[in-house]
1. So if a site counts as exposed when it's one of the trypsin sites (Lys or Arg not before Pro), its DSSP state isn't H, G, I, E or B, and it has at most 10 other Cβ atoms within 10 Å, what's the longest stretch of the chain without one?
2. To test your reading of the geometry: what angle, between 0 and 90 degrees and rounded to tens, separates the Cα axis of helix 110-122 from the longest principal axis of the chain?
3. Based on alpha-carbon positions alone, could you give the equivalent ellipsoid semi-axes of segment 15-280 from the gyration tensor, as √(5λ), descending, whole Å?
4. If each residue's Cβ is checked for other Cβ atoms within 10 Å, how do Phe54, Phe39 rank with the fewest at the top?
5. Tell me, in nm to one decimal, what length is gained between Asn253 and Arg179 on full extension, where the rule is 0.36 nm per residue of separation less the Cα-Cα distance?
6. Pull out a ≥ b ≥ c, the square roots of the eigenvalues of the alpha-carbon gyration tensor of segment 206-253, then state rounded if a/c is under 1.5, prolate if not and a/b is larger than b/c, and oblate in the remaining case.
7. Under a plain spin-label model, where a point goes 7 Å from the Cα along Cα-to-Cβ, how far apart in nm are Asn141 and Gln273?
8. Would you grab the residues whose amide H sits under 5 Å from the one on Tyr198? Only those 5+ places off in sequence or on another chain, please, with H modelled 1.01 Å from N.
Amino acid sequence: MPTTYSPLRYPGGKSQLTPFIVELLRENNLLDGTYVEPFAGGAGIAWHLLLKGFVQEVYINDLNPSIYAFWKAVLEENDKLCGLIEDTPITIDEWNKQKLVQHSSNTASLELGFSTLFLNRTNRSGIIKAGVIGGKSQDGNYKLDCRFQKQAIIKKIQDIHLFKDEIKLFNLDANDFIRDILPSVEQKSLINIDPPYYIKGKGLYQNFFEHKDHQSLLNSIETIHHPWIVTYDNTPEINSLYAKHNPKTFELNYSAQKKCKGSEVIIYGPGIQACQFEPGMTFSQVKNLKKTLSDNMIMKKTKQERYEYDEVV
Ligand SMILES: C[S@@+](CC[C@H](N)C(=O)[O-])C[C@H]1O[C@@H](n2cnc3c(N)ncnc32)[C@H](O)[C@@H]1O
């Protein structure tokens, strides 16, 4: 199984939360429903849930034109996109050309979508605005093509494309998406809201939020009638903004710049039951914990039965 089903490397990407989200869906009877990400980015969780049959449909939205153009190309111009991946040399000359595309194009063209993928796979940490892996003189230990395994990327794109009829893609501000699109989404849905981080967001993404944007997002979130969760970086401002929803902290491994653990918070909306598993757990940790819990249940039951038997005889 690949570590992520997303062809995009995503700084702060939340694919690691997939095992937790699967359990959350299970515990809230939301399996086979719809999964929605108003801030989709690399959408790693969405692709896993859809490709593995945990949900029937996904809605992904991202305001960033580069990200949107890439997903649009995956869904609508898959063959041409894969042809470009196959035929384009991964060189510094090409990197310079692709950089210019980002500066000159703002429409959701195939050209912009491909440029997003190219820079995402050749830049440090996958950040479109960052420098190239190995530096412009390519004298580093790693060269710019070290994360550009063409066939693996093409396979991921084609796997997602197979589900294109089950994928709804939008390029809206999240507040507009929540107001205009969510009301027509079936009730059996999980809305997973992963906004730009309160503190770390500014360096990572091309769109970033100010305090007032986090506040107006909360106002929009409070209008949602579906089950929802929000994840954020663990900051005093976010804890106080969401205080009445009782934020819970958890740890996540993230590698946007260096490999370290980040402290995050998860906030559960009123229509959802908190999951008994920790958000950062892997599939095998979830499996082992489930086994322990069920062994304990059996032991408890056996003890109880023995007790009842002793009572009778
Ligand atoms: C924290 S990232 C989401 C990462 C994603 N959950 C993943 O696992 O890859 C936030 C995303 O929100 C997008 N974004 C920023 N401002 C937005 C807005 N106002 N409305 C919608 N999307 C926005 C950014 O382009 C970025 O892709």
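1. Numbers: sites that count: Lys258, Lys259.
After excluding every exposed loop site, the longest remaining stretch is 1-257.
2. Here the helix axis deviates by roughly 70 degrees.
3. On the way: eigenvalues 197, 92, 61 Å².
Largest first, segment 15-280 gives 31, 21, 17 Å.
4. Values: Phe54 19, Phe39 24.
Ascending Cβ contact count within 10 Å gives the list Phe54, Phe39.
5. 23.4 nm
6. rounded
7. For the pair Asn141/Gln273, the computed spacing is 4.9 nm.
8. Asp233
Every number in this text was worked out from the coordinates using simple rules, so none of it is lab data. Worth saying up front: this structure is predicted, and the values here are computed from it rather than measured. Glycine also receives a Cβ, built like all others from the backbone with ideal geometry; neighbour counts cover every protein chain displayed.
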